[in-house]
1. By counting other Cβ atoms within 10 Å of each Cβ, how are Ser122, Ser31, Ser127 ranked from fewest to most?
2. Tell me whether segment 396-474 comes out rounded, prolate or oblate; compute the Cα gyration tensor, take square roots of the eigenvalues as a ≥ b ≥ c, and use a/c under 1.5 as the rounded threshold.
3. Please give the charge dipole size of segment 500-639, origin at the Cα centre, charges +1 on K and R Cβ atoms and -1 on D and E Cβ atoms. Round to the nearest 20 debye.
4. Report, in debye and to the nearest 20, how large the dipole of the chain comes out about its Cα centre when Lys and Arg carry +1 and Asp and Glu carry -1 on their Cβ.
5. Which of Ala346, Thr241, Gly131 sits closest to the plus end of the dipole of the chain, meaning its Cα is farthest towards the positive end, when Lys and Arg get +1 and Asp and Glu get -1 on the C-beta?
6. If packing is taken as the average count of other Cβ atoms within 10 Å, what order do 621-627, 69-75, 425-431, 558-564 fall into, highest mean first?
7. ³J(HN,Hα) across segment 535-543 via Karplus (A = 6.51, B = -1.76, C = 1.60, θ = phi - 60°), whole Hz, x for Gly/Pro?
8. Quick one, what does Rg over Rh come out to for segment 1-147 if you take C-alpha atoms and the Kirkwood Rh?
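Just so you know, all these numbers are worked out from the coordinates, no wet-lab data involved. All values reported here derive from a predicted model rather than from experimental measurement. Here the Cβ positions follow ideal geometry from the backbone for every residue, glycine too, while neighbour counts run over all protein chains shown.
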Amino acid sequence: MTSRPDTPLLDTVEYPADLRKLDKSQLRQFSDELRAEVIDAVGTTGGHLGSGLGVVELTTAIHYVFDTPNDKLVWDVGHQCYPHKIVTGRRDRIRTLRQGGGLSGFTKRSESEYDPFGAAHSSTSISAALGFAMANKLQKKPGRGIAVIGDGAMSAGMAYEAMNNAEQAGNRLVVILNDNDMSIAPPVGGLSAYLARMVSSSEYLGLRSMASKLARKMGRRVWGGLEKAEEYARGMVTGGTMFEELGFYYVGPIDGHNLDHLVPVLENVRDSGQGPVLVHVVTKKGKGYAPAEASADKYHGVAKFDVVTGEQKKSKGGPPAYQNVFGDTLAKLAETDNRICAITAAMPSGTGVDRFAKAHPKRAFDVGIAEQHGVTFAAGLAAQGMRPFAAIYSTFLQRAYDQVVHDVAIQNLPVRFAIDRAGLVGADGATHAGSFDITYLATLPNMVVMAAADEAELVHMTYTAAEHDSGPIAFRYPRGNGTGVALPDTPEKLEIGKGRIVREGSKVAILSLGARLEEAKKAADQLEAKGLSTTVADMRFAKPLDTALIERLMRTHEVVVTLEEGAVGGLGAHVLTFASDEGLTDNGLKVRTMRLPDVFQDQDDPAKQYDEAGLNAPQIVDAVLNALRHNSAGVEEARA
């Protein structure tokens, strides 16, 4: 395919089938144009930049060589998929990334047939690609499963579980290890590229197959010796012995930005009968954009930015971020308590553990993308007398739920869970929303569950958790900046299971858990303006409940509303269960539970998300008024 000299190649490609019409000599220009488009788009929307820039050539090569979407391409995590979205029919919408009604920042099945498997959590790609490969094999259909997984994602055990079960898929499974941290690969150059092309070529594989058949006929000992000799010879040169032991044919490492190396190797892999195959490519995060290459985090996640200068358009000033309040508080507490330590699963800056690590490097542990290990590691530390804080996003803690139950709660070990990103999270959408932790933790015996209403409460709860040695304890807090309240000079140790009255009324009681407290107070103001005296309680604890406070409010108020940033089964469910057990609703009391809806909410501005969820002040007022109307109608009907 040729284009007019003045026509950008990117303009001629809407789908991968168009890309395959280009001559190989045009792929360099196409990749450069694709990279420029990614930079411009993310400059407009914000999002994940460095990871996408690192896979521009790899994206081009995969779609050029393989028959997508018949070959199922699964991107691990999916945050590097912006170039993929541009070449799979979504370029016209790429500037709606991570916005309400726009494209997801991750792969998403409902968006495109080129996104066969949704991903936003790490280390799932090989398992999913293996499922596609085996399904096609069993149904005698064409098509491979192709997984692209980063070296960071290879720190999770699930990747190895998948690889250990991959042999049956044969050449239908291709795993591309995108090594962008130099944590595995030696320096790559002409020799390694030559070796990669050689060992993936049909000539080499044919000769290898013939030699192996001959060796088998000569006897088991000869065959075994030759097989091991070849494996370890290639392993010494290429570093692939570990993958060979898992049943993969290893190819690499190769330069993931050199299309003259990358395309021939992928073509060899495509055309060979060998498999499953692992292709090891080395890339540079932020490649081709100087500000990203120079940045410590390679512009992993960015706000909107000036494309020319790279300057991010972040808001200045304002209250501190919740994760920084946690990190600073924990670091300060650790100055006088050498038992305090912090664990994060590959999210040191996102959780504030980086601040703790700067002050106490020997007591900070980044376990990589290994939440299961992190939780049980914390349990071991606790069992030996330390005071471990496992700082993990709500949505990622889900990955370690069995460890929370089996290794922590059943043994009643004092692990402290600092649960970041509780509630809705805006642009990251459903995959990162902290919707379920209240429910999945408050159901466990021995567990204490707190929720911070603001940054000052987070300081108190961090200290309370540090001093709680009688069992596991968790405290949750939202993404983003605090409310602007003053931070306490001295933290307060909260009484376990005791809430606080924020304002006292007589007719309506709002029982708030967590960061909806400000909306509860706004709703109370609006209800007072309507002549409805309103109590607002900050419950602080989802477990154990402050049953004395709940009973008092239920006996003295006409309507009680529970309010939380969590799914059904949390505070509201526990309050209703207590009220039912105690017969507190027998006198006509109206109880309403306000919680996240039973849907997975798409990305949007957080305020709009909470409007959609019905958890802002106007919806709280409506819930109260509807309950009162229902009550009045019931009274009138009874009188009639």
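1. By the 10 Å Cβ count, ascending, the order reads Ser127, Ser31, Ser122.
2. Since a/c reaches 1.5 but b/c is at least a/b, the shape of segment 396-474 is classed as oblate.
3. 460
4. That gives a dipole near 1160 debye.
5. Farthest along the dipole direction, towards plus: Thr241.
6. The packing order, highest mean first, is 558-564, 69-75, 425-431, 621-627.
7. 8, 10, 10, 8, 5, 6, 10, 8, 7
8. Taking Rg over the Kirkwood Rh, I get 0.97.
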